[in-house]
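Undergrad: The following block contains the structure, expressed as C-alpha cells.
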Amino acid sequence: MSRVARPPLGYALTLAAAALFAVNGTVSTLALDSGLPPTRLTALRCTGAAVGLLVVLAIAAPGRLRISWRDLPVIGVFGVVGVALTQYLYYVAIHVMPVGIALVFEMTAPVFIALYVWLVRGEHVRNRLWLALLLSLSGLVLVAEVWQGGGSLDSFGVGAALLAALCLATYYLMGERATVSRDPVTLTCWSFVAAALFWAVVAPWWAFDAGVLGNRVPVSIGSLQLPLWVLVFWIVVLGAIVPFWLSIAALRHLAPTAAGLVATVEPVFASIVAWLWVEQVLSAWQLAGGAIVLTGIVLAQTARATPVPTSLPETPAALSS
C-alpha cells in the first residue's frame, strides 16, 4: 500500500526539527560555557547519537544496518567531514559568537553548492545564483558589521563557521549521489558511527574525566543549576536523534528542496531562543544582514536547473546546530 504524502505534516515536522536544532544551539552554548571543550562536546554528541541511532534501527529496522565494504569510504568521509568536523566547527563558532549569527554563516552552504556544481560539474544554473551570491555577501558584511574596526565578530569564530559551511556543502554534495543507490537512514547512521570513531582517536576517552559531567551548571533560568550530564543528554537526544528522525519523516511528505527551504528558519528560531534565554542581543544591522543572507540562501537553493535526485536530511549542527 503506497504512502500518501501530506505536505502540511511535512512542513510541521521540518519546523519541529528546526525548532529543536535551534534550542540545541543555546543548550550547547551553556555546556561550552561550563568549561567543556568543543572537541569533547562534539565527541559526546557524535558517540551518543551513534549509539542511539544504532539501538533504534536495531529494534525498528535491523535490515537497515546492513552495509557493504564498498560503502566504507563514503561513510568515512560523511562521518569525518559531514558530521565530526561540521559539528566541531559549529561549536567553536558558537563558543565565541551568538548562535544565530554562527548559523547564518554556516547555512551559506547552498551558495557554495551552487557555485561548485556550476564551476566544477558544469551544471547549468539559473541567473538567480548571482543575486543569491550578492545578497549573501552583502548580508554577511552587515552581520559582521565590518565597518566597526574590522568587524564586531570574532574572526576565529567567523572562520570556523564558514569552514563548517564548506563541510556541510561537501556532505550534501556527496549525499546527492550516494543516496541514489543507498538508504539515507543507513548512510547517516553509520556516518555518526564513523564520526564517533574519529573522535575516539582524536580525543581519546581515557583522557576524559567523566566526573565533570556531574558538575552543576547555571542554565540562566533564575538560580537553577543542572548537572552537566543533563545538558549533554538533551544535546544527544533532543538535539540530534529526535530532530534527525523528524527530518527523515518530513522527507516522506516534502521534496528535499522544499524541506531545505523551510529549514532556513532555524537561524531565526535560534536567535529568538538565545535572546530570550541567555540574552544574546543582535544589533539592527545584524538582524537585517541575517534576513538578507537567508533570502540569498533561498535563491541559491532554487538556482540549480537540474533536479536533485535525492538528499539527506539536515545534518546536526548542524545535525549541525
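Undergrad: Of the numbered conditions (1) at pLDDT 90 or above; (2) not in a helix (DSSP H, G or I), Thr29 fails exactly one; give the number of that condition.
TA: (2)
Undergrad: If I go through the range 137-172 residue by residue, how many of them are part of a helix (DSSP H, G or I), more than 19 Å from Ile292 (Cα to Cα) and modelled with pLDDT under 85?
TA: The initial filter retains those residues of the range 137-172 that are part of a helix (DSSP H, G or I), namely 137-144, 155-172.
Add one more test, that the residue is more than 19 Å from Ile292 (Cα to Cα), and what stays is 155-157, 159-160, 163-164, 166-172.
Checking the rest, the ones that are also modelled with pLDDT under 85 come to 171-172.
Residues in the range 137-172 being part of a helix (DSSP H, G or I), more than 19 Å from Ile292 (Cα to Cα) and modelled with pLDDT under 85: 2 in total.
Undergrad: Do the conditions hold for Val185, that is, is it outside any loop (DSSP other than H, G, I, E, B), closer than 16 Å to Leu36 by Cβ and in contact (Cβ under 8 Å) with a residue 40 or more places away in the chain?
TA: Here the answer is no, as Val185 does not meet what is asked.
Undergrad: Within the range 32-50, is there a residue that is in a helix (DSSP H, G or I) and among the basic types (Lys, Arg)? Show your work before the answer.
TA: Of the residues in the range 32-50, the ones in a helix (DSSP H, G or I) are 32-33, 38-50.
Checking which are among the basic types (Lys, Arg) leaves us with 40, 45.
Yes, the range 32-50 contains at least one residue that is in a helix (DSSP H, G or I) and among the basic types (Lys, Arg).
Undergrad: Check whether at least one residue in the range 108-128 is closer than 21 Å to Arg45 by Cβ and in contact with a Gly (Cβ under 9 Å, 6 or more places away or on another chain), and report yes or no. Give the steps one after another, and end with the answer.
TA: Taking the range 108-128 as the starting set, the residues that turn out to be closer than 21 Å to Arg45 by Cβ are 109.
Within this subset, residues satisfying the condition of being in contact with a Gly (Cβ under 9 Å, 6 or more places away or on another chain) are none.
Looking through the range 108-128, none of the residues is closer than 21 Å to Arg45 by Cβ and in contact with a Gly (Cβ under 9 Å, 6 or more places away or on another chain).
Matching residues to (1) under 19 Å from Ile241 (Cα atoms); (2) within 20 Å of the chain's Cα centre (by Cα); (3) of a type in the set (A, V, I, L, M); (4) modelled with pLDDT of 90 or more:
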| site | (1), (2), (3), (4) |
| --- | --- |
| Gly35 | no, no, no, yes |
| Ala43 | yes, yes, yes, yes |
| Gly48 | yes, yes, no, yes |
| Val55 | yes, no, yes, yes |
| Ala58 | yes, no, yes, yes |
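Undergrad: With Val111, Val96 as the choices, which residue is in contact with a Leu (Cβ under 8 Å, 6 or more places away or on another chain) and either crowded, with 19+ Cβ neighbours inside 10 Å or on the phi < 0 side of the Ramachandran plot (or both)? Can you show your working first?
TA: On the way: Val96 fails: in contact with a Leu (Cβ under 8 Å, 6 or more places away or on another chain).
Testing whether each residue is in contact with a Leu (Cβ under 8 Å, 6 or more places away or on another chain) and either crowded, with 19+ Cβ neighbours inside 10 Å or on the phi < 0 side of the Ramachandran plot (or both) leaves just Val111.
Undergrad: Among the listed residues Val74, Val104, Val83, which satisfies the condition of being surrounded by fewer than 24 Cβ atoms within 10 Å (Cβ to Cβ), assigned to a helix (DSSP H, G or I) and out of contact with any Asp or Glu (no Cβ under 9 Å at 6 or more places or on another chain)?
TA: Working: Val104 fails: surrounded by fewer than 24 Cβ atoms within 10 Å (Cβ to Cβ); Val83 fails: surrounded by fewer than 24 Cβ atoms within 10 Å (Cβ to Cβ).
Residue meeting the stated conditions: Val74.
Undergrad: Further question on the same structure: Please state which of the following conditions Ala196 fails to meet, knowing it meets all the rest: (1) within 24 Å of Ala274 (Cα to Cα); (2) touching a helix residue (DSSP H, G or I) at 6+ places or on another chain (Cβ under 6 Å).
TA: Status for Ala196: all satisfied but (1).
Undergrad: State the number of residues belonging to the range 193-220 that are over 13 Å from Ser34 (Cα atoms) and either without any contact (Cβ under 8 Å) to a residue 40 or more places away in the chain or of a type in the set (Phe, Trp, Tyr) (or both).
TA: The initial filter retains those residues of the range 193-220 that are over 13 Å from Ser34 (Cα atoms), namely 193-211.
Add one more test, that the residue is either without any contact (Cβ under 8 Å) to a residue 40 or more places away in the chain or of a type in the set (Phe, Trp, Tyr) (or both), and what stays is 198-199, 201, 204-211.
Qualifying residue count, the range 193-220: 11.
Undergrad: OK, next. Take the range 280-291 and flag every residue that is in contact (Cβ under 8 Å) with a residue 24 or more places away in the chain and surrounded by fewer than 20 Cβ atoms within 10 Å (Cβ to Cβ). Please lay out each step first, then the result.
TA: From the range 280-291, those in contact (Cβ under 8 Å) with a residue 24 or more places away in the chain are 280, 282-283, 285-286, 288-291; that's our starting set.
The answer is Leu282, Ser283, Trp285, Ala288, Ala291.
Undergrad: Please indicate, with yes or no, whether at least one residue in the range 103-123 is at pLDDT below 85 and over 15 Å from Ala169 (Cα atoms).
TA: yes
The values are calculated or read from the model by the stated rules, or taken from the named source; none is laboratory data. From a predicted model like this one, the values you see are computed outputs, not experimental measurements. Using ideal geometry, Cβ is built from the backbone for each residue, glycine included, and neighbour counts are taken over all protein chains shown.
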